[in-house]
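Reviewing the structure listed below.
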Ligand code: HEC
């Protein structure tokens with residue numbers, strides 16, 4: 001862990017100004033910490049404290065912003081205003097405001113306590129499958145000074161929830177199949193104004209096949225097809241789905257190009273390794289000779305076929321276990337490994 005704890009502190013004071021400035025004093029502290037007891041487990045915490053005030057007569061402004069997954073935004077300030085008729089809660093403003101034509105006084109406040117929560121899992125239950133799922137939510141239960149009778153609390157009283165799940169499956173080197181699901185739900189609390197609370201919900205499914213390859217040093221995404229479905233978008237998904245399948249079949253044909261590769265992977269690779277160098281646990285234990293060593297390079301195809309059919313030392317015999325045509329193909333595939 002390079003930087004387990006980071007602290008940032010800011011302070012400012014402004015004074016002797018002829019115009020109102022807000023804030024005149026400010027303090028900001030930001031503390032972040034991370035703790036990683038295991039490679040697969042990270043705890044992270046943030047404390048963010050912002051205090052600012054403008055405490056001169058006729059303004060008396062005070063504000064803070066604190067968050068540590070619980071985020072409290074609060075502000076309180078005196079306001080001089082004019083309205084007809086005057087609100088029942090209006091007080092009498094100081095002479096400076098009366099002279100300016102805004103004779104009513106109110107304490108304007110804004111309170112936005114917000115709670116955040118996130119929980120997420122990343123799993124790889126089998127080698128080529130990656131699962132990533134979790135739940136995020138934020139909830140606000142705040143209020144404000146309502147000088148306008150038609151104003152509604154809106155986002156000051158609301159809940160937002162977004163559970164998600166992502167699946168990724170490695171089909172072949174470079175090829176990944178992906179499926180994502182995201183749900184969005186936003187709902188506002190009871191209104192005090194004339195409009196109904198707003199709410200929306202969304203289901204987003206994404207299906208994609210991705211092919212990535214290396215070109216010099218830049219990784220280039222060759223094809224990425226995405227279909228986003230909601231009830232109104234059903235027509236599009238069928239089309240995008242068909243293109244997705246076309247790309248998928250293209251990838252299958254490109255895999256089938258080298259005959260012998262499949263047999264090699266299924267029957268030989270556990271000892272000889274994907275590169276033919278024998279760097280696997282079984283290959284090392286039995287001393288599987290690298291295919292590019294001079295002893296193997298000088299052997300003819302007939303010699304190699306004989307070894308594969310009859311075995312040699314700890315190398316098992318494959319006669320009767322795989323067809324002669326497959327053995328010929330595997331020998332051709334071994335030559336491609338010898339050239340690498
Ligand atoms: C259980 C482990 C194992 C498996 C499976 C295996 N091999 Fe081998 N292979 C060996 C070992 C060990 C040697 C070294 C034998 C020696 O020189 O004594 C070897 C040697 C070879 C050689 C070099 C032969 C020579 O004359 O030096 C070739 C070619 C070869 N294997 C091909 C294959 C092919 C093709 C397959 C799959 C059809 C396969 N092997 C499966 C263990 C294995």
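The values are calculated or read from the model by the stated rules, or taken from the named source; none is laboratory data. Remember, predicted model here, so these are calculated numbers, not experimental data. Heads up, the Cβs are rebuilt from the backbone with ideal geometry, glycines too, and the neighbour counts pull from every protein chain shown.
Remark: residue 42 matches the filter, which requires a residue to be at pLDDT below 75 and assigned to a strand (DSSP E or B). Of all residues in the stretch 96-142, those being part of a strand (DSSP E or B), exposed (fewer than 14 other Cβ atoms within 10 Å of the Cβ) and modelled with pLDDT under 80 number 8.
Restricting to the stretch 308-317, name every residue that is within 7 Å of the ligand (Cβ to nearest atom) and either closer than 15 Å to residue 260 by Cα or within 50 Å of the chain's Cα centre (by Cα) (or both). Scanning the stretch 308-317 gives 308, 314, 315, 316. Residue count for the stretch 256-271 under the criterion of being in a loop (DSSP other than H, G, I, E, B) and either loosely packed, with under 15 Cβ neighbours inside 10 Å or more than 9 Å from the ligand (Cβ to nearest atom) (or both): the result is 4. Filtering the stretch 59-79 for residues that are out of contact with any strand residue (DSSP E or B) (no Cβ under 8 Å at 6 or more places or on another chain), modelled with pLDDT under 70 and either part of a strand (DSSP E or B) or surrounded by 15 or more Cβ atoms within 10 Å (Cβ to Cβ) (or both) leaves an empty set. The residue of the stretch 272-295 that is surrounded by the most Cβ atoms within 10 Å (Cβ to Cβ), among those that are within 8 Å of the ligand (Cβ to nearest atom) and closer than 22 Å to residue 325 by Cβ, is 272. Being surrounded by fewer than 16 Cβ atoms within 10 Å (Cβ to Cβ), within 30 Å of residue 131 (Cα to Cα) and at pLDDT below 65: is that true of residue 3 here? Yes. For the stretch 297-307, a residue qualifies if it is more than 19 Å from residue 270 (Cα to Cα), within 8 Å of the ligand (Cβ to nearest atom) and outside any loop (DSSP other than H, G, I, E, B), and exactly one does: 303. Scanning the stretch 175-200 for residues that are under 22 Å from the mean Cα position of the chain (by Cα) and at pLDDT below 85 yields a count of 0. Among the residues of the stretch 318-330, those identified as surrounded by fewer than 18 Cβ atoms within 10 Å (Cβ to Cβ) and either more than 10 Å from the ligand (Cβ to nearest atom) or in a helix (DSSP H, G or I) (or both) are 319, 320, 323, 324, 325, 328.
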